[in-house]
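Student: Quick one: the structure is below, questions incoming.
The values are calculated or read from the model by the stated rules, or taken from the named source; none is laboratory data. Values in this document were obtained by computation on a predicted structure and should not be read as measured data. Positions of Cβ are generated from backbone atoms using ideal geometry, with glycine treated the same way; all protein chains shown enter the neighbour counts. In case anyone asks, the SASA skips ligands and DNA or RNA and just uses the protein heavy atoms, side chains included. Shrake-Rupley method; radii C 1.70, N 1.55, O 1.52, S 1.80 Å.
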Amino acid sequence: MSDKKLIVGNWKMNLTVHEASLYVHTLEKELTTHRNVEVVLAPGMLALPTLALQIDHKKFKLAAQNFYWRDEGAFTGEVSAHQLHGLVKYALVGHSERRHVFHEGDKDIRAKMQAAVRNGITPILCVGETAHERSENETDAVLHDQLIGGLANLTSEEVEAIVIAYEPVWAIGTGNNAAPHDVEAAVASIRRQIEHLYGKKASDLRVIYGGSVSGASAGSYLRTPGVDGLLPGGASLKKEEFTEIIEAAHKAGKGKKA
Ligand code: PGA
């Protein structure tokens, strides 16, 4: 767990490079930098080089939404973690849209986790159950399988340094956000399972929540025990909402050391 809240805006496949640059330009002017909040932007791949030159790196860090696990070679159309090194601090791995739309399985996810770590990029491993799995009381089992599947190639020290995003599939892009007490239970389960697999120290890693987070709901998650931050998608594309989320993170972290 960290006293510094982590807010990662996942823009998904939105905004041209020009639009991304303009958006960050206005966001940067309006945002107050808080020492107890780390703000990360995950724009489309094409905008990364432009934003890496443009942003004030004290205000924002960058994340990749995806990458391929090999470092280089004959993989037409792919971008590797090795190529992203120096451009991004973080990278999403195993987002539910990658799992469900692009059929990425544990083997891909595991290889990507290792590739990110190998290339000095902090992976944000996304895990979460579907509505059906929740209704069948399978949430803990699904989280268990996704954690084992994604983390198998990493050492305890490496696991301690990564980020896990609890993102229930039914809450993503639906407006149907999870209740904070359900998030608390899922996050506690994630930490328990990590402790069991990798030891107490590793279970102290950062765990964030994502799924229809809004400016209005952000505070309730950020005050939820065990939650170190948020991964908003849609709300991160709206300047006012995103700013509200960052302010909520600042308030939730107040009084704690940054
Ligand atoms: P959402 O997306 O906030 O639009 O639900 C979250 C995510 O996909 O990470």
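Student: Can we say Val8 is in contact with a strand residue (DSSP E or B) (Cβ under 7 Å, 6 or more places away or on another chain), among the hydrophobic types (A, V, I, L, M, F, W, C) and open to solvent by 10 Å² or more (accessible area, probe 1.4 Å)? Steps first, answer last, please.
Tutor: Details: in contact with a strand residue (DSSP E or B) (Cβ under 7 Å, 6 or more places away or on another chain): yes; among the hydrophobic types (A, V, I, L, M, F, W, C): yes; open to solvent by 10 Å² or more (accessible area, probe 1.4 Å): no.
Answer is no for this residue.
Student: Can you give me the ranges of the strands (runs of 3 or more DSSP E) entirely in the range 1-65 with at least 2 residues that are free of Cβ contacts under 8 Å to residues at least 40 places away in the same chain? Steps first, answer last, please.
Tutor: Working: elements: 5-10, 37-42, 60-64.
Here the list reads 60-64.
Student: Looking only at residues that are assigned to a helix (DSSP H, G or I) and among the aliphatic types (A, V, I, L, M) in the range 179-189, which one is surrounded by the most Cβ atoms within 10 Å (Cβ to Cβ)?
Tutor: Keep residues of the range 179-189 that are assigned to a helix (DSSP H, G or I), which gives 180-189.
Going one step further and asking which of them are among the aliphatic types (A, V, I, L, M), we end up with 183, 185-188.
Values: Val183: 24, Ala185: 15, Ala186: 26, Val187: 23, Ala188: 13.
If we take residues in the range 179-189 being assigned to a helix (DSSP H, G or I) and among the aliphatic types (A, V, I, L, M), then Ala186 is surrounded by the most Cβ atoms within 10 Å (Cβ to Cβ).
Student: Quick check on the range 1-32: of everything there that is of a type in the set (A, V, I, L, M) and out of contact with any helix residue (DSSP H, G or I) (no Cβ under 7 Å at 6 or more places or on another chain), which residue is nearest to the ligand (Cβ to nearest atom)? Write out each step before concluding.
Tutor: Taking the range 1-32 first, the residues of a type in the set (A, V, I, L, M) are 1, 6-8, 13, 15, 17, 20, 22, 24, 27, 31.
The next check asks that each one be out of contact with any helix residue (DSSP H, G or I) (no Cβ under 7 Å at 6 or more places or on another chain); those that pass are 6, 8, 13, 22.
Numbers: Leu6: 13, Val8: 8, Met13: 11, Leu22: 21 Å.
Applying the filter and picking the extreme gives Val8.
Student: A further question on this structure: Would you mind stating whether Val37 is away from the ligand (no atom under 16 Å from the Cβ) and open to solvent by 10 Å² or more (accessible area, probe 1.4 Å)? Before you say what the answer is, go through the steps one by one.
Tutor: Numbers: away from the ligand (no atom under 16 Å from the Cβ): yes; open to solvent by 10 Å² or more (accessible area, probe 1.4 Å): yes.
Taking the combined requirement at face value, the residue satisfies it.
Student: With Asn176, Asn153, Asn137 as the choices, which residue is in contact with a Ser or Thr (Cβ under 7 Å, 6 or more places away or on another chain), surrounded by fewer than 22 Cβ atoms within 10 Å (Cβ to Cβ) and assigned to a loop (DSSP other than H, G, I, E, B)?
Tutor: Values: Asn153 fails: in contact with a Ser or Thr (Cβ under 7 Å, 6 or more places away or on another chain); Asn137 fails: in contact with a Ser or Thr (Cβ under 7 Å, 6 or more places away or on another chain).
One residue alone meets the criteria, Asn176.
Student: Go through the range 78-108 and report how many residues are away from the ligand (no atom under 16 Å from the Cβ) and either of a type outside the set (A, V, I, L, M) or more than 18 Å from the chain's Cα centre (by Cα) (or both).
Tutor: Within the range 78-108, residues that are away from the ligand (no atom under 16 Å from the Cβ) and either of a type outside the set (A, V, I, L, M) or more than 18 Å from the chain's Cα centre (by Cα) (or both) number 13.
Student: Same structure, new question: Based on what the data block shows, is Ala178 more than 10 Å from the ligand (Cβ to nearest atom) and at pLDDT below 95?
Tutor: Here the answer is yes, as Ala178 does meet what is asked.
Student: Just to be sure, is Val213 within 16 Å of the ligand (Cβ to nearest atom), closer than 15 Å to Val39 by Cβ and either touching a Pro at 6+ places or on another chain (Cβ under 9 Å) or open to solvent by less than 50 Å² (accessible area, probe 1.4 Å) (or both)? Full working, then the answer.
Tutor: Numbers: within 16 Å of the ligand (Cβ to nearest atom): yes; closer than 15 Å to Val39 by Cβ: yes; either touching a Pro at 6+ places or on another chain (Cβ under 9 Å) or open to solvent by less than 50 Å² (accessible area, probe 1.4 Å) (or both): yes.
So Val213 fits the description; yes.
Student: Moving to a separate point now. Does Gly150 fit the bill of being within 10 Å of the ligand (Cβ to nearest atom) and either under 24 Å from Pro43 (Cβ atoms) or free of Cβ contacts under 8 Å to residues at least 12 places away in the same chain (or both)? Don't jump to the end; show me each part of the working.
Tutor: Working: within 10 Å of the ligand (Cβ to nearest atom): no; either under 24 Å from Pro43 (Cβ atoms) or free of Cβ contacts under 8 Å to residues at least 12 places away in the same chain (or both): yes.
Criteria not met by Gly150.
Student: Can you name the residue in the range 226-247 that is within 11 Å of the ligand (Cβ to nearest atom) and part of a loop (DSSP other than H, G, I, E, B) and is also nearest to Glu97 (Cα to Cα) among such residues?
Tutor: So, considering only residues that are within 11 Å of the ligand (Cβ to nearest atom) and part of a loop (DSSP other than H, G, I, E, B), the one nearest to Glu97 (Cα to Cα) is Gly233.
Student: Anything in the range 95-133 that is assigned to a loop (DSSP other than H, G, I, E, B) and small (Gly, Ala, Ser)? List them, or say none.
Tutor: First pass over the range 95-133, keeping only residues assigned to a loop (DSSP other than H, G, I, E, B): 95, 101-105, 119-121, 128-130.
Matches in the range 95-133: Gly105, Gly120, Gly128.
Student: Here's another thing I want to ask about it. Of the residues Thr50, Thr32, Thr16, only one is at pLDDT 95 or above and open to solvent by 60 Å² or more (accessible area, probe 1.4 Å); which?
Tutor: None of the other options fit; the residue is Thr16.
Student: Give the residue, chosen from Arg206, Arg223, that is away from the ligand (no atom under 12 Å from the Cβ) and under 15 Å from the mean Cα position of the chain (by Cα). Write out each step before concluding.
Tutor: On the way: Arg223 fails: under 15 Å from the mean Cα position of the chain (by Cα).
Checking each option against the conditions leaves just Arg206.
Student: While we're on this one: Looking for whichever is open to solvent by 20 Å² or more (accessible area, probe 1.4 Å) and over 30 Å from Ala152 (Cα atoms) here; the options are Arg192, Arg223, Arg206. Which one fits?
Tutor: Details: Arg192 fails: over 30 Å from Ala152 (Cα atoms); Arg206 fails: over 30 Å from Ala152 (Cα atoms).
Exactly one of Arg192, Arg223, Arg206 is open to solvent by 20 Å² or more (accessible area, probe 1.4 Å) and over 30 Å from Ala152 (Cα atoms), namely Arg223.
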